[in-house]
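Undergrad: One structure is given below, represented as structure tokens, and several questions about it will come after.
The values are calculated or read from the model by the stated rules, or taken from the named source; none is laboratory data. If you're wondering where the values come from, they're calculated on a predicted model, not measured in any experiment. FYI the Cβ positions are ideal-geometry reconstructions off the backbone, even for glycines, and counts take in every protein chain you see.
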Amino acid sequence: MKIAIFGTGYVGLVAACCFADSGLKVVGVDIDEEKIKHLKDGICPIYEPGLTELLKSGLLAGRLEFTTDGATAANDSDVIFIAVGTPEGEDGSADLRHVLKVAEVIGQNMTSEKIVVLKSTVPVGTASKVADCLKAFTKVGFDVVSNPEFLKEGASLDDFLKPDRVVIGCQSQKARETMEKIYQPFVRNGNPILFMSNKAAELTKYAANAFLATKISFINELALLADAVGADINEVKKGFTTDSRINPAFFFPGVGYGGSCFPKDVQALVKTGQEHGVAMTLVTATDKVNDRQKTVLLQKIKKHYGKLDGITLGLWGLSFKPRTDDVREAPAFPLIEALLKENVKVKAYDPVAIKNSQKYFNSNLIEWCASSADCAKGSDGLVIVTEWNEFRNPDLKQLASDLKQKIIFDGRNIFDPPTMRQAGFTYYCIGRDAARGLT
Ligand code: NAD
């Protein structure tokens, strides 16, 4: 069985490498010539732990190849995955242009029966749209399968190689058996492959992301209230998540969710609701709470300094979360923009995301630092936006002497408030004013 994967981004490349690792012949297809050139040379275009090794071993084994020739790849393959981007369109709906473009290429070039698998996150009804698109170009038979991806950037390999579940929306027995064969090596731990309708599979992905985003907004809103009433959010969280009906995972107060998935998928679900006459009230509120949360650190900074003009702040963490270089919708960005507007000098550091961040800013008020320590040196305060592991255990004495003013705004609650107070810092965090002894 030969597999083609259109789109070699965070999802397509991981899928290609993992399928090749399981023994399948895989060709990764992309329109980005430079990316394909790098991939052919074994150079991974993204930061994802473990991916370079898997890429190199796939190439070496001769099971993994890359091309920009989508026509040949489509014709030569039995199963074709579509893993291209589905960005937010102007009206909030998912922009399906790239998906339908790939469907067109497949339809124009298939001379034998194919299974076309939608791995991109796509709204309900997209499988039918893709089928219509294929029918417009070919008389050859095909199946369209909906197979949403649930991996997390930063832990993609683990998630793909050992998924909690694999969701497959399909109609024919042949498609079902083929997908079962492809995924069998990844569910040997007994986790399920769930077969359902295409529509249910499409909606499942949005349900998962909207629910996770809602968990984040829920704890963030409670953290604001905790500060207002004088309770420590960590104590509250322990208190309510020890209820066996409430899974404690993913309840971390912070600076709001970002990334290439939650923001756009929440918007797209709201849009799908509108199109079907169902107001997605809860999900709409999730988005609204997140917008407010992204301003919380800035408010704390403004309140502390009063006038920001001319101060220097160090900033740790640019990627939207740790263990990735992805900066799409990163909460650090609106914060930096707001600080620059106030004429703050920002000294920014991230272990892997500086290169991607530099494309977004063109200001001589930003200094890109080579280390977290450089970032703190001479700054009037330190802002923590992304909770990279390397930030968790700084030499507090050194940090205190590097900073001009011993002030920390921790958007991820990575430190213990009493410890920071004892070390002489004025320490702001999220929902823990009570633990700071302020209330
Ligand atoms: P990405 O932007 O990293 O990669 C998309 C790739 O598709 C790019 O390399 C682009 O050049 C390529 N492409 C665009 N048009 C093409 C075409 N016509 N032919 C071939 N290649 C083409 O995107 P991503 O983050 O991998 O996301 C892909 C999809 O998976 C999206 O729908 C996303 O919502 C979903 N998803 C993403 C994640 C994640 O964590 N990133 C997780 C689950 C699901």
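Undergrad: Could you grab the pairs with beta carbons closer than 6 Å, sequence gap of 6+ or different chains, first residue in region 326-338 and within 16 Å of the ligand (Cβ to nearest atom), second one modelled with pLDDT of 95 or more and in a helix (DSSP H, G or I)?
TA: The qualifying pairs are V327/N356; V327/S357; E329/P263.
Undergrad: What helices (runs of 4 or more DSSP H), lying completely within region 257-328, carry at least 2 residues that are more than 23 Å from P87 (Cβ to Cβ)?
TA: Details: elements: 262-275, 281-293, 296-305.
Helices (runs of 4 or more DSSP H) meeting the threshold: 281-293, 296-305.
Undergrad: Now for a separate question. Against the conditions (1) assigned to a helix (DSSP H, G or I); (2) more than 24 Å from R292 (Cα to Cα); (3) not small (G, A, S), where does K404 fall short? Just the number, please.
TA: It is condition (1) that K404 fails.
Undergrad: Could I ask something else about it? On the given criteria, is V187 loosely packed, with under 14 Cβ neighbours inside 10 Å, more than 16 Å from the ligand (Cβ to nearest atom) and of a type outside the set (D, E)? Spell out the reasoning first.
TA: Numbers: loosely packed, with under 14 Cβ neighbours inside 10 Å: no; more than 16 Å from the ligand (Cβ to nearest atom): yes; of a type outside the set (D, E): yes.
So V187 does not fit the description; no.
Undergrad: Okay, next question. Please go through region 186-202 and pick out each residue that is out of contact with any strand residue (DSSP E or B) (no Cβ under 9 Å at 6 or more places or on another chain) and in contact (Cβ under 8 Å) with a residue 24 or more places away in the chain. Walk me through it before giving the result.
TA: First, pick out the residues of region 186-202 that are out of contact with any strand residue (DSSP E or B) (no Cβ under 9 Å at 6 or more places or on another chain): 188-190.
The one that is out of contact with any strand residue (DSSP E or B) (no Cβ under 9 Å at 6 or more places or on another chain) and in contact (Cβ under 8 Å) with a residue 24 or more places away in the chain: N189.
Undergrad: Any chance region 152-159 includes a residue that's exposed (fewer than 13 other Cβ atoms within 10 Å of the Cβ) and out of contact with any helix residue (DSSP H, G or I) (no Cβ under 7 Å at 6 or more places or on another chain)? Step through it out loud before you land on a result.
TA: Just the residues of region 152-159 that are exposed (fewer than 13 other Cβ atoms within 10 Å of the Cβ), to begin with: none.
No, there is no match, as no residue in region 152-159 is exposed (fewer than 13 other Cβ atoms within 10 Å of the Cβ) and out of contact with any helix residue (DSSP H, G or I) (no Cβ under 7 Å at 6 or more places or on another chain).
Undergrad: Scan (1) buried (at least 21 other Cβ atoms within 10 Å of the Cβ); (2) under 30 Å from the mean Cα position of the chain (by Cα) for the single condition L365 breaks and write down its number.
TA: Only one criterion is unmet by L365, namely (1).
Undergrad: Right, here's the next one. In this structure, does K35 turn out to be within 14 Å of the ligand (Cβ to nearest atom), of a type in the set (D, E, K, R) and surrounded by 15 or more Cβ atoms within 10 Å (Cβ to Cβ)?
TA: Details: within 14 Å of the ligand (Cβ to nearest atom): yes; of a type in the set (D, E, K, R): yes; surrounded by 15 or more Cβ atoms within 10 Å (Cβ to Cβ): yes.
Spelling it out, K35 is indeed within 14 Å of the ligand (Cβ to nearest atom), of a type in the set (D, E, K, R) and surrounded by 15 or more Cβ atoms within 10 Å (Cβ to Cβ).
Undergrad: Applying the selection to region 378-400, what residues are part of a loop (DSSP other than H, G, I, E, B), touching a residue at least 40 places away in the same chain (Cβ under 8 Å) and closer than 23 Å to V352 by Cβ? Steps first, answer last, please.
TA: Step one: of region 378-400, the residues part of a loop (DSSP other than H, G, I, E, B) are 378-381, 385-388, 392-395.
This time we only want the ones that are touching a residue at least 40 places away in the same chain (Cβ under 8 Å), so: 378-381, 385-388.
Result: S379, V385, T386, E387, W388.
Undergrad: Let me ask you something else. Test of understanding: among V140, V105, which residue is within 12 Å of the ligand (Cβ to nearest atom) and over 30 Å from K321 (Cα atoms)?
TA: Step by step, each of V140, V105 is checked, and only V105 is within 12 Å of the ligand (Cβ to nearest atom) and over 30 Å from K321 (Cα atoms).
Undergrad: Can you find, within region 1-30, the residue that is surrounded by the most Cβ atoms within 10 Å (Cβ to Cβ) among those that are in contact with a strand residue (DSSP E or B) (Cβ under 6 Å, 6 or more places away or on another chain) and part of a loop (DSSP other than H, G, I, E, B)? Before you say what the answer is, go through the steps one by one.
TA: Residues of region 1-30 that are in contact with a strand residue (DSSP E or B) (Cβ under 6 Å, 6 or more places away or on another chain), as a first pass: 2-6, 8, 12, 15-16, 19-20, 24-29.
Retained after the next criterion (residues that are part of a loop (DSSP other than H, G, I, E, B)): 8, 24.
Details: T8: 26, L24: 19.
Only one residue tops the list, namely T8.
Undergrad: Taking the condition of being closer than 25 Å to C261 by Cα and more than 7 Å from the ligand (Cβ to nearest atom), how many residues in region 4-26 meet it? Can you show your working first?
TA: Within region 4-26, the first condition is being closer than 25 Å to C261 by Cα, and the residues that meet it are 4-19.
Within this subset, residues satisfying the condition of being more than 7 Å from the ligand (Cβ to nearest atom) are 4-5, 13-19.
So the count comes out to 9.
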